[in-house]
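Undergrad: I have a structure here, written as C-alpha cells, and I will follow up with some questions on it.
The values are calculated or read from the model by the stated rules, or taken from the named source; none is laboratory data. None of the values given here were measured: they were computed from a predicted structure. Glycine gets a Cβ as well: all are built from the backbone with ideal geometry, and neighbour counts include every protein chain shown.
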Amino acid sequence: MAECPMNNGVCKEEENDLNYHSYLMLDNVLTSQVMQSAVKNKVVHDEHLFIITHQAYELWFKQILYEVDSVRDMFMLPVMDETKTILILNRLSRVTLILKLMVDQIDILETMTPLDFLEFRLQLSSASGFQSLQFRLLENKMGVLETYRVKYNQQHYTKVFSKSDQVKMLQDSIEQPSLFNLLEKWLERTPGLTVKSFHFWDLYKRSVERWLQDLLYIPAQKETDEKIKQSLIEEYKKQKESFDSILDEDKYNASVARGDRRLSHQAFKGALLISLYHDQPRFNQPSKLLSLLMDIDSLLTKWRYNHVMMVQRMIGSKVGTGGSSGYQYLRSTVSDRYKVFLDLFNMSTYLIPRDYIPPLSRSLKRQLSILIHEYMPRDPEDSDDYDLDDGTDDSSPEGKNVDSCPNEETRPKVKFEI
C-alpha cells in the first residue's frame, strides 16, 4: 500500500482498520471455547461455563506474571531506587486485587452442581489444572521452593510439561532470582542495620530481656503462690528460648538449615527493624510492601483452599482427571510449605511493646525522616541538628547513646518529603 503524505505515512483507511474488535483480537478470544461435549454431539450446557472460567483464570495469571516480572526487574537493579517503591506498591496492590477477584470467581463456578459436572467430566480425558504452566511459573517466580513441593503421582511437577518451549520457561523460572530472593537481598541492605550511632541488635537484645523480666521473671519472684510462680517461670523460659532462636545467629542459621526459616539472619533483622519502626517516614512504604507480600501469600492460600473445597464438593474422593488423588493431593498443597513469605507472618512473634522499643539515635532518626529543611534563620545552638552527616558525634564513648534526640522545643521546623 502506498504511503499517504499525511498522518505520518499511514493511510486513513489503514488507520481505521484498528477498532475495539480487532484491537482485542476478539475473533480469536471468542472462538476459543471448544466444548468437547459439542464435538461429540452431546452438548452439556455447563461445560461452556467451565471453559470460560478457567480461561479467565489463565488470563489473570498472565497479568499477575506481568506485574510480578516488572517488580522483580526493579528489585534486580544494582542499586534499588527508593522512588520506585510507590510503583512497586501499586503493582503488588494490583496483584492482590486480581487474586481477590480470582477467589470470588470460584463462587461462579460453584453454581454448577456435581451432577452437571459429571455430565462432561469424562470428556476432559487427562486434562487437569495441575497442567497449568502459568501457575507453576507464578509459584517459581514468587519463590516456592522445589524441595517443599508435594509430588504429583510421585513425580516431579515438571514431568507433565513436554514441549521444549514450556520446559525452557519452567527452567528459566527456577534458575532466575525469585521475588523472595530479591526481597531477601533488599532487606539485608535495610537503612539502620549498620550505622555506627545505633547498634540495633544489641539494643533490641537488651530490650527483650528487660521486657521478659518485667512481664514474667520479676512477677514470678514476687509471687507467693508456688503453682503460679512455677507457671510464670516456665513461661519466662519458653519465651526466652523463642527469642534466643533469633538473637543467637548460630541457632538462627541452624533453623534455616532445617528449613524452619528461609530469610538470612541479616534479612530477618532488616524486616524486624522495619516492623518495629514502621512509623518512620522512610520505613512506611517498605512496611506496606512487606504487608502486601503477606496479602499475596494469604490470597494464594485462600484460592488453593477454595479450589480444594470446590473439588471435594464436585468429585468427592474420586481420582482427579489427571490421575492424581484429586482432593487429597490438592489438600496437601494448602499448607505453610507453599507460603513463600512465612518468615514475615511469624515476625509478630518477636515484636515487643512500644515502651520497650529502643529509641533511635539522633542521626538515624534524621536519616529515616528524609528531611528537607525550610529556609529559615538558624539558631546557633541548634546547628548540630542541621548536620545531616551520619557520623558518630551523637554517640556516647560506647557508641550506644540513643537518648540524644532533641525535644520538641529545640527541634527545628522541618517538612517531610516521602
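Undergrad: Give the residue that is farthest from the chain's Cα centre (by Cα), with candidates limited to residues of segment 166-224 that are part of a helix (DSSP H, G or I) and among the basic types (Lys, Arg). Walk me through how you get there before you give the answer.
TA: So the first thing to find is which residues in segment 166-224 are part of a helix (DSSP H, G or I), and the list is 166-175, 179-188, 200-222.
Then drop every residue that is not among the basic types (Lys, Arg), which leaves 168, 185, 205-206, 210, 222.
Details: 168: 25, 185: 14, 205: 27, 206: 30, 210: 32, 222: 45 Å.
Result: 222.
Undergrad: Right, next: From the residues in segment 216-242 that are in contact (Cβ under 8 Å) with a residue 24 or more places away in the chain and surrounded by 15 or more Cβ atoms within 10 Å (Cβ to Cβ), which one is farthest from residue 358 (Cα to Cα)?
TA: As a first pass, look at segment 216-242 and keep what is in contact (Cβ under 8 Å) with a residue 24 or more places away in the chain: 236, 239-240, 242.
Keeping just the survivors that are surrounded by 15 or more Cβ atoms within 10 Å (Cβ to Cβ) gives 236, 239-240.
Values: 236: 21, 239: 19, 240: 19 Å.
Applying the filter and picking the extreme gives 236.
Undergrad: Right, something else. With (1) touching a Phe, Trp or Tyr at 6+ places or on another chain (Cβ under 8 Å); (2) modelled with pLDDT of 90 or more as the list, and residue 181 as the residue in question, which single condition is left unmet?
TA: Of (1) touching a Phe, Trp or Tyr at 6+ places or on another chain (Cβ under 8 Å); (2) modelled with pLDDT of 90 or more, only one is false for residue 181: (1).
Undergrad: Check every one of the helices (runs of 4 or more DSSP H) wholly within segment 40-147 and list those with 3 or more residues that are among the aromatic types (Phe, Trp, Tyr) and either in contact with a Ser or Thr (Cβ under 8 Å, 6 or more places away or on another chain) or within 19 Å of residue 292 (Cα to Cα) (or both).
TA: Where helices (runs of 4 or more DSSP H) fall fully within segment 40-147 and carry at least 3 residues being among the aromatic types (Phe, Trp, Tyr) and either in contact with a Ser or Thr (Cβ under 8 Å, 6 or more places away or on another chain) or within 19 Å of residue 292 (Cα to Cα) (or both), they are 45-75.
Undergrad: Among the residues of segment 146-155, is any crowded, with 18+ Cβ neighbours inside 10 Å and of a type in the set (A, V, I, L, M, F, W, C)?
TA: No, because not a single residue in segment 146-155 is crowded, with 18+ Cβ neighbours inside 10 Å and of a type in the set (A, V, I, L, M, F, W, C).
Undergrad: Could we say that residue 69 is at pLDDT 95 or above, closer than 30 Å to residue 287 by Cβ and under 14 Å from the mean Cα position of the chain (by Cα) here?
TA: When the stated conditions are applied, residue 69 passes them.
Undergrad: So which residues in segment 91-113 are exposed (fewer than 13 other Cβ atoms within 10 Å of the Cβ) and not charged (D, E, K, R)? Spell out how you get there, then give the answer.
TA: Going residue by residue through segment 91-113, those that are exposed (fewer than 13 other Cβ atoms within 10 Å of the Cβ) are 97, 101, 104, 107-108, 111, 113.
Selection gives 97, 101, 108, 111, 113.
Undergrad: Criterion first (over 22 Å from residue 327 (Cα atoms), surrounded by 13 or more Cβ atoms within 10 Å (Cβ to Cβ) and aliphatic (A, V, I, L, M)) does residue 137 satisfy it?
TA: Taking the combined requirement at face value, the residue satisfies it.
Undergrad: Filter segment 296-324 down to residues that are surrounded by 18 or more Cβ atoms within 10 Å (Cβ to Cβ), of a type outside the set (A, V, I, L, M, F, W, C) and at pLDDT 90 or above, then give me how many there are.
TA: The total comes to 3.
Undergrad: If you take the residues of segment 48-67 that are without any contact (Cβ under 8 Å) to a residue 40 or more places away in the chain and among the aliphatic types (A, V, I, L, M), which of them is surrounded by the fewest Cβ atoms within 10 Å (Cβ to Cβ)?
TA: 59
Undergrad: Still on this structure, please answer the following. Tell me whether segment 68-81 contains one or more residues that are of a type in the set (Val, Ile, Thr) and exposed (fewer than 12 other Cβ atoms within 10 Å of the Cβ). So that I can check it myself, show each step before the final result.
TA: Residues of segment 68-81 that are of a type in the set (Val, Ile, Thr), as a first pass: 68, 71, 79.
If we keep only those that are exposed (fewer than 12 other Cβ atoms within 10 Å of the Cβ) too, we end up with 79.
Looking through segment 68-81, at least one residue is of a type in the set (Val, Ile, Thr) and exposed (fewer than 12 other Cβ atoms within 10 Å of the Cβ).
Undergrad: Kindly evaluate residue 37 against the criterion of being assigned to a helix (DSSP H, G or I) and hydroxyl-bearing (Ser, Thr, Tyr).
TA: Spelling it out, residue 37 is indeed assigned to a helix (DSSP H, G or I) and hydroxyl-bearing (Ser, Thr, Tyr).
Undergrad: Count, please, the residues in segment 154-165 that happen to be farther than 20 Å from residue 333 by Cα and outside any loop (DSSP other than H, G, I, E, B). If you could, list the steps in order and put the result at the bottom.
TA: Looking only at segment 154-165, we keep the residues that are farther than 20 Å from residue 333 by Cα, and these are 162-165.
From the residues that got through so far, the ones that are outside any loop (DSSP other than H, G, I, E, B) too are 164-165.
So the answer is 2.
Residues are listed down the side, and each one gets a yes or a no for (1) of a type in the set (Lys, Arg); (2) not in a helix (DSSP H, G or I):
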{"residue": "235", "(1), (2)": "no, no"}
{"residue": "243", "(1), (2)": "no, no"}
{"residue": "263", "(1), (2)": "no, yes"}
{"residue": "272", "(1), (2)": "no, no"}
{"residue": "279", "(1), (2)": "no, yes"}
{"residue": "282", "(1), (2)": "yes, no"}
{"residue": "285", "(1), (2)": "no, no"}
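Undergrad: Right, next: Looking at this structure, is residue 46 farther than 23 Å from residue 308 by Cα, acidic (Asp, Glu) and modelled with pLDDT of 95 or more?
TA: no
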